[in-house]
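Asker: Dropping a structure here in structure tokens format, bear with me for questions.
The values are calculated or read from the model by the stated rules, or taken from the named source; none is laboratory data. What you are looking at is a predicted structure, and each value in this text was computed from that prediction instead of being measured. With ideal geometry, Cβ positions are generated from the backbone for all residues, glycine too; neighbour counts draw on all protein chains shown. Accessible surface is based on the protein model in full, side chains and every heavy atom, while ligands, DNA and RNA are left aside. Shrake-Rupley method; radii C 1.70, N 1.55, O 1.52, S 1.80 Å.
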Amino acid sequence: MKPRTDSSDRASRRYRCSYTPRDALGHLNPSDTGAAPFVQFLAANAEQALDIARQVTGCPVIDATRIEG
């Protein structure tokens, strides 16, 4: 099998980003239970994952965790 060299190699890691949601008025609305919602997607690195998560959710992102496997 020939190694891949296209641009999809740069986004081959899966990340889970937790964020603090906002209420209907746009104010931050952290969970009472402490469990933060999250989004998952492919990104080249954790920094890119954080940037994408901010753009997708429009909320402050708490962290980006790389998911192995």
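Asker: May I ask you to list the residues in the stretch 24-49 that are under 10 Å from the mean Cα position of the chain (by Cα), at pLDDT 95 or above and closer than 13 Å to ARG13 by Cα?
Answerer: GLN40, LEU42, ALA43, ALA46, GLU47, GLN48, ALA49
Asker: Among all residue pairs at least 6 apart or on different chains, which show Cβ distances below 9 Å where the first residue, located in the stretch 20-40, is at negative phi and the second is among the basic types (Lys, Arg) and open to solvent by 70 Å² or more (accessible area, probe 1.4 Å)?
Answerer: Once the first residue is at negative phi and sits in the stretch 20-40, its partners that are among the basic types (Lys, Arg) and open to solvent by 70 Å² or more (accessible area, probe 1.4 Å) give LEU28/ARG22; ASN29/ARG22; PHE38/ARG16; VAL39/ARG16; GLN40/ARG14; GLN40/ARG16.
Asker: In addition: For the stretch 26-48, name all the residues that are open to solvent by 90 Å² or more (accessible area, probe 1.4 Å) and either over 16 Å from PRO60 (Cβ atoms) or among the aliphatic types (A, V, I, L, M) (or both).
Answerer: Restricting attention to the stretch 26-48, the residues satisfying the condition of being open to solvent by 90 Å² or more (accessible area, probe 1.4 Å) are 27-28, 32-33, 38, 47.
Residues satisfying the conditions are LEU28, ASP32, THR33.
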